[in-house]
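A.B. asks: Would you mind keeping the following structure in view while I ask a few things?
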Amino acid sequence: MASSSSSDTSSNFSLKSLIYRPAAAAAAANGEPASLQVLDQLLLPAEKTYIDVPDIQTTYSVIHTMQIRGAPLIAIVACLGLAVDLQNDVSTKELQAIETMNTMERSANAIYAYIQGKMDYVAKSRPTAVNLFNALQEVKEALLKAKDDDDSSDPPSVRMVNAVVQHAEFMLQRDEADCRAIGKNGADAIILD
């Protein structure tokens, strides 16, 4: 289950809905895999606590229990949570086992099914969240493209996990850019009034 990683009840007003560290940045800093933390919105405004999201089960939990709210945030956390899950030790070992037991073509199909199962699971966390389903559909399209990439010399697990991670990170960057644009347009409108 989710574990609190940090708490701040001081007068610090800086809030981030999520903190994501890509695998490369995390490894350079302390040799750890990718990480995701989300602000527990159930505790606001009294407490600022971040929850570690190391796997798909915790991703499901923070969405289902409404510890995170807001359609865009739910979608991004689902995709980043999947990306972090696929890079953790348990998933890495399971993916390697799938590749070891199958031919290249069967391996690609089995890995796709493995990842799709995780996506189906997290989709059930909030059955009415349109943004969640749209985001997972985007990831699925990137996943299918990677699965069918015959030109790659990478094993199926590497190219499919990379596709999920890269698309989730792209979605985070896109969402941040959208939020900044909304904020700028709102500030400009207020100044003009």
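The values are calculated or read from the model by the stated rules, or taken from the named source; none is laboratory data. Not measured: the values here are computed from a predicted model. Neighbour counts are summed over all protein chains in view; Cβ atoms, including those assigned to glycine, are modelled from backbone coordinates with ideal geometry. The area values use the complete protein model at the heavy-atom level, side chains included, leaving out ligands, DNA and RNA. Shrake-Rupley method; radii C 1.70, N 1.55, O 1.52, S 1.80 Å.
A.B. asks: Being among the hydroxyl-bearing types (Ser, Thr, Tyr) and under 20 Å from residue 112 (Cα atoms) is the filter; apply it to region 58-82 and report the residue that is most open to solvent (accessible area, probe 1.4 Å).
C.D. replies: Initial filter on region 58-82 (among the hydroxyl-bearing types (Ser, Thr, Tyr)): 58-61, 65.
Applying the additional criterion that residues be under 20 Å from residue 112 (Cα atoms) yields 59-60.
Values: 59: 0, 60: 52 Å².
The residue in question is 60.
A.B. asks: Here is a follow-up. When only residues in region 148-181 that are open to solvent by less than 40 Å² (accessible area, probe 1.4 Å), out of contact with any Asp or Glu (no Cβ under 8 Å at 6 or more places or on another chain) and farther than 24 Å from residue 64 by Cα count, which is modelled with the lowest pLDDT?
C.D. replies: Here the residue is 152.
A.B. asks: Could you please give the count of residues in region 124-147 that are in contact (Cβ under 8 Å) with a residue 40 or more places away in the chain and open to solvent by less than 50 Å² (accessible area, probe 1.4 Å)?
C.D. replies: Counting residues in region 124-147 that are in contact (Cβ under 8 Å) with a residue 40 or more places away in the chain and open to solvent by less than 50 Å² (accessible area, probe 1.4 Å) gives 7.
A.B. asks: Given the conditions (1) open to solvent by 40 Å² or more (accessible area, probe 1.4 Å); (2) at pLDDT below 85; (3) out of contact with any helix residue (DSSP H, G or I) (no Cβ under 9 Å at 6 or more places or on another chain), and given that residue 7 satisfies all but one, which numbered condition is not satisfied?
C.D. replies: Of everything listed in (1) open to solvent by 40 Å² or more (accessible area, probe 1.4 Å); (2) at pLDDT below 85; (3) out of contact with any helix residue (DSSP H, G or I) (no Cβ under 9 Å at 6 or more places or on another chain), residue 7 misses just condition (3).
A.B. asks: State whether the residues of region 112-123 include one that is open to solvent by 10 Å² or more (accessible area, probe 1.4 Å), aliphatic (A, V, I, L, M) and assigned to a helix (DSSP H, G or I). Break it down into steps so the answer makes sense when it comes.
C.D. replies: Start the filter on region 112-123 by keeping residues that are open to solvent by 10 Å² or more (accessible area, probe 1.4 Å), which leaves 112-114, 116-118, 120-121, 123.
If we keep only those that are aliphatic (A, V, I, L, M) too, we end up with 113, 123.
After this cut, where a residue has to be assigned to a helix (DSSP H, G or I) as well, the list is 113, 123.
Yes: one or more hits.
A.B. asks: Go over the candidates 85, 40, 52 one by one and state the one that is surrounded by 14 or more Cβ atoms within 10 Å (Cβ to Cβ), without any contact (Cβ under 8 Å) to a residue 60 or more places away in the chain, charged (D, E, K, R) and touching a helix residue (DSSP H, G or I) at 6+ places or on another chain (Cβ under 6 Å).
C.D. replies: On the way: 40 fails: touching a helix residue (DSSP H, G or I) at 6+ places or on another chain (Cβ under 6 Å); 52 fails: touching a helix residue (DSSP H, G or I) at 6+ places or on another chain (Cβ under 6 Å).
Step by step, each of 85, 40, 52 is checked, and only 85 is surrounded by 14 or more Cβ atoms within 10 Å (Cβ to Cβ), without any contact (Cβ under 8 Å) to a residue 60 or more places away in the chain, charged (D, E, K, R) and touching a helix residue (DSSP H, G or I) at 6+ places or on another chain (Cβ under 6 Å).
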